[in-house]
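In what follows, a structure is listed as structure tokens, so that the remarks can point back to it.
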Amino acid sequence: MISKELFLKLVKTAVKAPSSHNTQPWLISLKENRIFIKPDYSRSLKIADPKNRELFISLGCLAETFIIALAFHGFNSRLFIHDSIDNFHLCIKTIEDENIIPSPLFPYINLRQTTRNNFNTEVIPNFTIDELLSLDLQENIKIKILTKKENFDLISELITEANAYQIGNKHFIDELVEWMRFNQREAMQKGDGLYSACSGIPSIGRFIGKFLIKNFIKIKSENKRLTKQLDNSGAIVLFSSKTDSFSDLVKTGMIFNKFALLATKSNLCHSFLNSPCQVEHTRKKLAANFNEKYPFPQLIIRLGYSSKMPYSFRRRINEVITDKYE
Ligand SMILES: Cc1cc2nc3c(=O)[nH]c(=O)nc-3n(C[C@H](O)[C@H](O)[C@H](O)COP(=O)(O)O)c2cc1C
């Protein structure tokens, strides 16, 4: 059985999992040997993620982090995905196992971060790519790693197209601003959202930050920035699935999270170039050009070598723990 004390420790570690816009859209509870994860729809991104696709991927990231942390503390676990529309939840059933071998990824939970600065142009060695590809995959999920620059062209075009579409949408920018945390005080107080320092933006007040984002983010300069980031990346990775079901989304999150931890273990940084998966028409083009058998593109990341950025914050654990399970 998991003690209350251990549960608090596990939650503190697990919430280090990534989530879209750092919304941390989860509610967590414990009943005896089972950990329950429920979506917190009050934290969903109505504009950037209207179907909650990324919300469910984020829950998968959290579940995987729990499983790795549980193994470290001597528990075997099995995930059950209850995918009913009105009562979606995940249940991690655990059993104590003194012979369990802890995952080598555990130490990297605290070290992983989304690193948004420019990477250097160092080539990623083949043995590192092979190690990343050796990851145990879940049924229905596919990872494609592109390492040749000429293969970046199509992705680059789609990023430019999707980005222009998002920046041109006032509601998208409004939502982004709502989740921006423009200085350390704001970021620490809320414990969520996109802390500007993680994107290399100096601390400013909310009023000025809002003004700058709304008036100075331009399609041309953003695309220039993203193209440069792409050019400096050692690899682009596309995660896709067979369906858009809750279950495949959760599994995508689990695989992505493991992949990101393994990359961190190899000293590789990662950051997202997701916009082509977020905009419907570019998502269709992406699907038509990659992986016919896995026609639902879910995430795109770039990989490379770089110095680390400041870490983002998390909410206090009493804000995510609930006594309502299932
Ligand atoms: C499903 C998903 C989608 C994400 N999409 C983006 C994205 O489009 N752009 C981006 O810069 N970061 C993206 N992120 C990264 C989150 O913003 C990041 O995980 C969060 O801010 C917490 O920071 P950390 O990963 O450094 O812990 C995404 C993360 C997840 C799990």
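Once you order the gyration tensor axes a ≥ b ≥ c over the Cα atoms, which shape class does the range 173-294 get: rounded for a/c under 1.5, otherwise prolate or oblate by comparing a/b with b/c?
Numbers: a/c = 1.78, a/b = 1.56, b/c = 1.14.
Prolate, since a/c reaches 1.5 and a/b exceeds b/c.
Once Lys and Arg get +1 and Asp and Glu get -1 on their Cβ, which of Met309, Thr94, Ile2 lies farthest toward the positive end of the dipole of the chain?
Going by the Cα projections, it comes out as Met309.
Answer rounded, prolate or oblate for the range 89-212, using the Cα gyration tensor with square roots of eigenvalues a ≥ b ≥ c: rounded when a/c is under 1.5, else prolate when a/b is larger than b/c, else oblate.
On the way: a/c = 1.97, a/b = 1.30, b/c = 1.51.
Judged from the Cα gyration tensor, the range 89-212 comes out oblate (a/c at least 1.5, b/c at or above a/b).
Go ahead and estimate [θ] at 222 nm for the chain from helices alone: -39,500 (n - 2.57) per DSSP H run with n ≥ 4, summed, over the residue count, rounded to 500. Don't skip to the answer; put the middle values down first.
Values: 11 runs with 130 residues, N = 326.
Estimated from H runs of four or more residues: -12500 deg cm²/dmol.
With unit charges on the beta carbons (Lys and Arg positive, Asp and Glu negative) and the dipole taken about the Cα centre of the chain, which residue among Asn126, Val237, Asn215 sits farthest to the positive side?
Asn215
Quick check: pseudo-label points 7 Å beyond the Cα along Cα→Cβ at Glu139 and Glu178, how many nm apart are they?
That separation, rounded to one decimal, is 3.8 nm.
Using the crude model of +1 on Lys and Arg Cβ and -1 on Asp and Glu Cβ, and no other charge, please compute the dipole size for the chain relative to its Cα centre, in debye to 20.
On the way: 45 positive and 34 negative charges, 201 e Å.
With only Lys, Arg, Asp and Glu charged at Cβ, the dipole is about 960 debye.
Quick check: net charge around Gly74, other residues with Cβ under 12 Å of its Cβ, Lys/Arg +1 and Asp/Glu -1?
Values: positive: none; negative: Glu96, Asp97, Glu98.
Net local charge, Gly74 excluded: -3.
Can you list the GluC sites (Glu not before Pro) in the range 263-325 that are in a DSSP coil and have 11 or fewer other beta carbons within 10 angstrom?
Details: sites: Glu280, Glu292, Glu319; in loops: Glu292.
Here the GluC sites (Glu not before Pro) that fit, given the DSSP loop and packing criteria, are Glu292.
For the range 243-299, with the dipole built from +1 on Lys and Arg beta-carbon atoms and -1 on Asp and Glu ones, taken about the Cα centre, which of Cys269, Asn291, Leu249 lies farthest toward the positive end?
It is Cys269, whose Cα lies furthest towards the positive end.
Reported to two decimal places, what Rg/Rh ratio describes the chain when computed on Cα atoms with Rh from the Kirkwood expression?
Working: Rg = 19.1 Å, Rh = 20.2 Å.
For the chain, the value is 0.95.
Coordinate-derived values only; no laboratory data. Just so you know, these numbers come straight off a predicted model, no measurement behind them. Heads up, the Cβs are rebuilt from the backbone with ideal geometry, glycines too, and the neighbour counts pull from every protein chain shown.
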